[in-house]
Amino acid sequence: MKKLSVKIVGILLCAVCALSLLGCNGGGGSADYQKSPAEYAPGTTHIYNVSDSAYRLVSGGTSDYTIVYPASATDTDMALAVSELRTFVEEGTGAMLPARTDAQHTGTEKIISLGATAQMSGSQTLTAKLQGTDLGANGFIVYTLGDSVYIMGNTSCAVLWGVYEFLYRELNYSYYAENCYSLDTGVRDLTLKQFDITDVPDIQYRVTGNGDDMIDRVHLRRMRYNVYADAYNAEGIGFAHNYYDFLPRDTYYAQHPKWYSTDGTQLCFTRDFEGLKNEVVKLIIEKLAADPTKNYIPFMHNDGGLWCQCSSCQADRSLYDSEGANNTAVLIRFMNAVAREVKAWNQEECPERDIKIVFFSYGAISMPPVVMDENKVPVVDENGNYTAYSDEYILEDNLVVQVCGFGNDVCDIHSTNSESDYQRIARWRAVCDQFFFWCYSTTFSNYMIPFNCVETRGELYEFMYGQGAELIFDNAQYGTAYSSDFGTFKSYIYSQMMWNVRGDLDQLIENFFNNYYGEAAPAMKKMYSEYRSYMKYLYEVKNLGYYIHGAAQYATAEAWPYQRIQGFLSCIDEAFASIEPLQSSDPDRYETLHTRILREEITYRYLELYIYPGTFSTEAYSAAMNQLLLDCYTAGITEGAENVSIAEFLS
């Protein structure tokens, strides 16, 4: 008998730039950011043709099918693809599929082929289909040929995504969070589908900054997230703020003091331009040569808003005298020089590779140099475009800029508060056409404050997709194991929306709450509905937007009247009451659901204690605060703000 089973138990497994659609010719940056979603994302590739075939994948709880994978594929993602396919088919049907390499199993009948097997490569139909589709690094094809299924992609990671799609179509498998997925179970007979699926994520590399997604690699992959290492050639260096990983002061400063800024926080790109350039080129080439599988390499300035203030840098900045762009002009000249030499090596030594160097637009590197009027105001032409200040500042085509921002107003990406981010993109498009993006989805000074950025995430990602973004890093509460304020839910939404920027948000919400909260889903959906309405009210009526550095304005009695907090706590009480029968009938499930609900209660208990301490006696306040800290530990909430432990935050 077929039934839907929502799992809340873990499985221990043994296995464990972006080319813009807009060209760059020194005058293509549009100042118009008020575009419709259709204009942002002109075309996506999500093609699902699925019907029943004449074959049985499982009959009477057994199967004649064999999983075949390349003998040469020894990486963890291929091992996980094999393991996940075997595990979930067995859990759903009782049939354990044997797994063989293509060296061990040479037949083409009744196989599920993963990746570039000999069987796949030997078929003209399949190779033509694979080669004729622009899958990128993470897109996949699932295709039925005869009585066999072929799951294909350009990387093992892409094949793994294809396995999850296969499981969804065959057994209704969907993954929502750690230890939470849906799967048809008790299936004794299962028809093999006639697949013709091509699915390319709208954002090729989808990188999470949410702490609970870093639990382990299996969880991360089930969420269909990448890590920076999937894209970056960054062994031994950080994926950001890595100048001193390349050029440690302890190693270089004594002999090359001119390579470092006067305050010691950054590099200096003017006092020994040639010497520094030659060393950076050498170090980048060494890393690229050591790992030929990764073609993006980050060279990104250190954190903080400071830049070199030596007289040479000041003189160089004066060549382009504009607030917010003069530092960028200095950096672009240096990066272009590095890029030209790396490209020459690329073309000579490994022309089959498309190597890109990624640098930051962040902090002191904000705006690029564009044509200005006599008042130092950027000039916009009759078509709404900016123009590069000169050809010297147009980026080489092997440079990618990662724009860091989009935290000014997460409620409305078209608001005047957000305008600066979009104007910055328009200006960068005048000098380059390859982008990665780094955005924010929390208030870093206070993780306990409600911060609703779910409503506009799809539109924001869609805008980024329209700029040709191949990587998005959505930076959230990265330092805490788990988050309050629907942190796990938000991560699920982000992963789904980055894959398909036009996903159905309401349906995603429904699916997540039903599966994640189980018996408590009605109460939690009621709470979340009120949460969405109240967040909208705060923004539209009280004029309280949500900004990454705006915690102070939220944690007030004006924003959170006492009765409003009690209303949310009442919803939480309903959720707790709805799972009470499980305490005796299924205590493990009870504890899991109780912890998930507790994480959301913590937000409102914090608001009550922080804003209305006078409603407690001294003894009661101390006891309530101590209990809140203990419950944070139980819920896995280890930080209350960026790099601030929960104990310190609540003290």
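Quick notes
- Scanning the range 280-315 for residues that are open to solvent by 30 Å² or more (accessible area, probe 1.4 Å) and over 29 Å from the mean Cα position of the chain (by Cα) yields 282, 309, 311, 312, 314, 315.
- Residue match in the range 85-101 (condition: modelled with pLDDT of 95 or more, within 25 Å of residue 200 (Cβ to Cβ), outside any loop (DSSP other than H, G, I, E, B) and open to solvent by less than 30 Å² (accessible area, probe 1.4 Å)): yes
- Of the residues in the range 424-432, none is open to solvent by less than 10 Å² (accessible area, probe 1.4 Å), at pLDDT 95 or above, part of a helix (DSSP H, G or I) and among the small types (Gly, Ala, Ser).
- Here 345, 307 are screened, and the one residue that is under 30 Å from residue 249 (Cα atoms), at pLDDT 90 or above, aromatic (Phe, Trp, Tyr) and assigned to a loop (DSSP other than H, G, I, E, B) is 307.
- Contacts under 7 angstrom Cβ, first residue in the range 602-614 being more than 15 Å from residue 559 (Cβ to Cβ), partner open to solvent by less than 30 Å² (accessible area, probe 1.4 Å) and not in a helix (DSSP H, G or I), 6 or more apart: 602/484; 602/637
- Here is the figure for the range 494-506: residues that are farther than 14 Å from residue 203 by Cβ and open to solvent by less than 10 Å² (accessible area, probe 1.4 Å) total 0.
- Here residue 568 fulfils each of the conditions (1) among the aromatic types (Phe, Trp, Tyr); (2) surrounded by fewer than 20 Cβ atoms within 10 Å (Cβ to Cβ); (3) at pLDDT 95 or above apart from (2).
- Of the criteria (1) assigned to a loop (DSSP other than H, G, I, E, B); (2) at pLDDT below 95, which one residue 535 fails: (1)
- Residue match in the range 448-468 (condition: more than 17 Å from the chain's Cα centre (by Cα), farther than 24 Å from residue 422 by Cβ and surrounded by 24 or more Cβ atoms within 10 Å (Cβ to Cβ)): yes
- Scanning the range 338-349 for residues that are in contact with a helix residue (DSSP H, G or I) (Cβ under 8 Å, 6 or more places away or on another chain) and either of a type in the set (Lys, Arg) or open to solvent by less than 10 Å² (accessible area, probe 1.4 Å) (or both) gives 338, 342.
- In the range 102-120, the residues that are open to solvent by less than 10 Å² (accessible area, probe 1.4 Å), part of a loop (DSSP other than H, G, I, E, B) and among the hydroxyl-bearing types (Ser, Thr, Tyr): 117
- Selection over the range 590-627 of residues that are of a type in the set (D, E, K, R) and surrounded by fewer than 17 Cβ atoms within 10 Å (Cβ to Cβ) gives a count of 2.
- Count of residues meeting criterion [closer than 19 Å to residue 473 by Cβ, touching a Lys or Arg at 6+ places or on another chain (Cβ under 9 Å) and open to solvent by 50 Å² or more (accessible area, probe 1.4 Å)] in the range 230-266: 1
- Qualifying residue in the range 328-335 (condition: in a helix (DSSP H, G or I) and over 31 Å from the mean Cα position of the chain (by Cα)): no
- Within the range 67-84, the residues that satisfy the criterion of being in a helix (DSSP H, G or I) and of a type outside the set (A, V, I, L, M) are 76, 77, 83, 84.
- When the range 218-234 is filtered for residues that are more than 12 Å from the chain's Cα centre (by Cα) and more than 16 Å from residue 158 (Cβ to Cβ), the ones remaining, listed by number, are 218, 219, 232, 233, 234.
- Complete set of residues in the range 224-270 that are assigned to a loop (DSSP other than H, G, I, E, B) and farther than 23 Å from residue 296 by Cα: 253, 254, 255, 256, 261, 262, 263, 264, 265, 268, 270
- Checked against (1) buried (at least 19 other Cβ atoms within 10 Å of the Cβ); (2) of a type in the set (S, T, N, Q); (3) part of a helix (DSSP H, G or I), residue 477 passes all but condition (3).
- The set of residues in the range 507-532 being at pLDDT 95 or above and surrounded by fewer than 18 Cβ atoms within 10 Å (Cβ to Cβ) consists of 507, 510, 511, 514, 519, 522, 526, 529, 530.
- The sole residue among 218, 207, 200, 187 that is more than 17 Å from residue 490 (Cα to Cα) and touching a Phe, Trp or Tyr at 6+ places or on another chain (Cβ under 9 Å) is 200.
- The requirement of being within 30 Å of residue 457 (Cβ to Cβ), of a type outside the set (Val, Ile, Thr) and either surrounded by fewer than 19 Cβ atoms within 10 Å (Cβ to Cβ) or in contact with a strand residue (DSSP E or B) (Cβ under 7 Å, 6 or more places away or on another chain) (or both) is satisfied by residue 540.
- Cross-chain or 6+ apart pairs with Cβ under 6 Å, the range 635-649 first and among the charged types (D, E, K, R), then assigned to a loop (DSSP other than H, G, I, E, B): 639/479; 639/480; 642/444
- Close pairs (6 angstrom Cβ cut-off, 6 or more residues apart or separate chains): aliphatic (A, V, I, L, M) in the range 519-534, at pLDDT 95 or above and outside any helix (DSSP H, G or I) anywhere: 520/579
- From 570, 529, residue being more than 27 Å from residue 650 (Cβ to Cβ) and among the small types (Gly, Ala, Ser): 529
- With respect to (1) open to solvent by less than 30 Å² (accessible area, probe 1.4 Å); (2) under 18 Å from residue 403 (Cα atoms), the lone exception for residue 363 is condition (1).
- Sole exception among (1) touching a His at 6+ places or on another chain (Cβ under 7 Å); (2) on the phi > 0 side of the Ramachandran plot for residue 486, by number: (1)
The values are calculated or read from the model by the stated rules, or taken from the named source; none is laboratory data. Because the structure is a prediction, the values reported are computed rather than measured. For neighbour counting, all protein chains shown are included, and Cβ atoms are generated from backbone atoms with ideal geometry for every residue, glycine included. When the accessible area is computed, the model is the full protein with side chains, heavy atoms only, and any ligands, DNA or RNA have been set aside. Shrake-Rupley method; radii C 1.70, N 1.55, O 1.52, S 1.80 Å.
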